[in-house]
Amino acid sequence: MRDMINPTFVRTFLTVAKTQSFVKTARVLGMTQAGVTQHVQRVEAAYGAPVFSRERERHCLTDLGKTLVSYWTEVFRSHEDMLNGLQPDNPLKGECKIASTGSFGLMFHRFLMKLNRRHTELCFHFYDVPHVRILSGIADDEFDMGFVTQKVIDPRLVSEVIDREELLFLYSKRHRIKSVSALFELGFVDHPDGRYGLHRMTRQIAPEMEAQARTIKIRSFVNFIGNILDPVAEGLGFTVLPEHTHSVYRDKNVITYLKTEKRVIDEVYLVRRAGRKLPARFDLVINEFKKFRDQSARRLD
């Protein structure tokens, strides 16, 4: 009978499988690259075959490597579930790994900080990552739960609508704007989702302006969501963003929005792994957020 492999070696191997890089793994785990290499070699020695093949700058899994990733991920997951089952389920204590992206994440993180001040034994790990990473991270138990604005069809996951957020035409109060055409004369403050949002808003609210939207003058481009409204606040142009971005902006009182008859509203989905029962502290987080959502006057009107 073979000796049981050291779980530390396996965790190092799983991290390399995720990062596809020995250098990144060493950085993530606080190890030397030589130490990472040694751990992977121990795994290969235990199973008698390579677990990675080098392709250009990446380390890709061999067939054995893929089998081990699937097997050991489930082993660690089952072990964690067993340990959680042995512990008293205290809703006011423990770690929560939550992922979100975009404007909803800005607002939800602010809510978590307020909740954390009341319940100091809770430890929130909050990740601002792209949509695809959120889903894969929840499926792999990297995150406990997450929030996305697109409907989830992955059978490994379950989702429910937790909130809604409205897309808005936002501009500085120093301008007197009464129409979409007047708004367009200001020029556009672009951002990674800017053109997409402008297209959606124009198509549903002012379809006669679609041609102008395609050729609109770009006054600025901002990549970081927390700073997109800075040039807008200075009167340099208008932008399109979900209402949550405005609700947490530090100078939100100098910015207003264009009232329109039609509204563009996105649903926000709470996502969890199917079949996994989360500890009671997550029920606390969700229930407290629903109270926060219902009590907060986030809608601009």
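The values are calculated or read from the model by the stated rules, or taken from the named source; none is laboratory data. Values in this document were obtained by computation on a predicted structure and should not be read as measured data. Methodologically, a virtual Cβ is constructed for each residue, glycine included, from the backbone with ideal geometry; neighbour enumeration extends over all protein chains shown.
If the condition is being over 12 Å from Leu170 (Cβ atoms) and assigned to a loop (DSSP other than H, G, I, E, B), then the range 222-234 contributes Val222, Asn223, Phe224, Glu234.
Strands (runs of 3 or more DSSP E) fully within the range 140-208 that include at least 1 residues being polar (S, T, N, Q) and either surrounded by 16 or more Cβ atoms within 10 Å (Cβ to Cβ) or under 16 Å from the mean Cα position of the chain (by Cα) (or both): 157-172. Please indicate, with yes or no, whether at least one residue in the range 27-45 is free of Cβ contacts under 8 Å to residues at least 24 places away in the same chain, in a helix (DSSP H, G or I) and under 15 Å from Val69 (Cα atoms). Scanning the range 27-45 turns up at least one residue that is free of Cβ contacts under 8 Å to residues at least 24 places away in the same chain, in a helix (DSSP H, G or I) and under 15 Å from Val69 (Cα atoms). Of the residues screened, Arg281 is not one that is assigned by TED's automatic domain parsing to the domain that holds Ser179 and not hydrophobic (A, V, I, L, M, F, W, C). Scanning the range 209-221 turns up no residue that is part of a helix (DSSP H, G or I) and under 25 Å from Ser100 (Cβ atoms).
The sole residue among Val43, Val28 that is under 21 Å from Glu80 (Cβ atoms) and modelled with pLDDT under 90 is Val28. In the range 60-81, the residues that are closer than 14 Å to Glu142 by Cα form Cβ pairs under 8 Å with partners that are in a helix (DSSP H, G or I) and of a type outside the set (A, V, I, L, M, F, W, C), at six or more places apart or across chains, as follows: Phe76/Pro7; Phe76/Arg11. Lys252 meets the conditions (1) surrounded by 14 or more Cβ atoms within 10 Å (Cβ to Cβ); (2) within 20 Å of Phe104 (Cα to Cα); (3) in contact (Cβ under 8 Å) with a residue 40 or more places away in the chain in every case but one. The failed one is (3). Filtered by the rule that a residue be touching a residue at least 40 places away in the same chain (Cβ under 8 Å) and of a type outside the set (D, E, K, R), the range 223-238 gives Ile225, Gly226, Leu229, Pro231, Val232, Ala233, Gly235, Leu236, Gly237, Phe238. Taking Val285, is it over 15 Å from Phe169 (Cα atoms), in contact (Cβ under 8 Å) with a residue 24 or more places away in the chain, of a type in the set (A, V, I, L, M, F, W, C) and not in a helix (DSSP H, G or I)? No, not satisfied. For beta carbons closer than 7 Å, sequence separation of 6+ or different chains, a first residue in the range 174-197 that is of a type in the set (S, T, N, Q) and a second that is in a helix (DSSP H, G or I), the qualifying pairs are Ser181/Met209. Hey, could you check the range 46-66 for residues that are among the acidic types (Asp, Glu) and not in a strand (DSSP E or B) and say which is modelled with the highest pLDDT? Among those residues, the one meeting the criterion is Asp63. Of everything listed in (1) under 28 Å from the mean Cα position of the chain (by Cα); (2) on the phi > 0 side of the Ramachandran plot, the single unmet condition for Arg58 is (2). For the range 76-89, the count of residues that are in a helix (DSSP H, G or I), under 23 Å from the mean Cα position of the chain (by Cα) and within 30 Å of Tyr196 (Cα to Cα) is zero.
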